[in-house]
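Heads up, the thing below is written out as structure tokens.
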């Protein structure tokens, strides 16, 4: 009886230990358009004021988490949208302005469950 109880505890620990999350961010893509899977189709770091800027955060592994991006221009935060993610995926975010984005240097920082996963710098200019 004791052997059966111990064996049950060991099996339960092994099963529960395998249920953890190893979700991680593998890359942050920037570009002008998206593929059907939400990864970036046309990579670039130079944009014009009237373009939509796409950031795609690629995750690997299993589990769930919350992806947040922080769009910054001239030291000011322009937005901090969040999305839930499950497993390996490409999670899309975008930045645009009806009146056009100001010319200058920008950055987008990606977070997974509140921990920074990296930053990408880009520029908005009159010409590409």
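Name the pairs whose Cβ atoms lie under 7 Å apart, with the first residue in the range 97-117 and free of Cβ contacts under 8 Å to residues at least 12 places away in the same chain, the second surrounded by 12 or more Cβ atoms within 10 Å (Cβ to Cβ) and in a strand (DSSP E or B), and 6 or more positions between them or separate chains?
Qualifying pairs under 7 Å: 116/109.
Mind listing whichever residues of the range 114-128 are closer than 23 Å to residue 66 by Cα and assigned to a strand (DSSP E or B)?
Of everything in the range 114-128, those that are closer than 23 Å to residue 66 by Cα and assigned to a strand (DSSP E or B) turn out to be 115, 116, 117, 118, 119, 120, 121.
Any read-out appearing in this document is the output of simple, stated calculations on the displayed coordinates, not a laboratory observation. Since the model is a prediction, treat every value here as computed from it, not as a measurement. Positions of Cβ are generated from backbone atoms using ideal geometry, with glycine treated the same way; all protein chains shown enter the neighbour counts.
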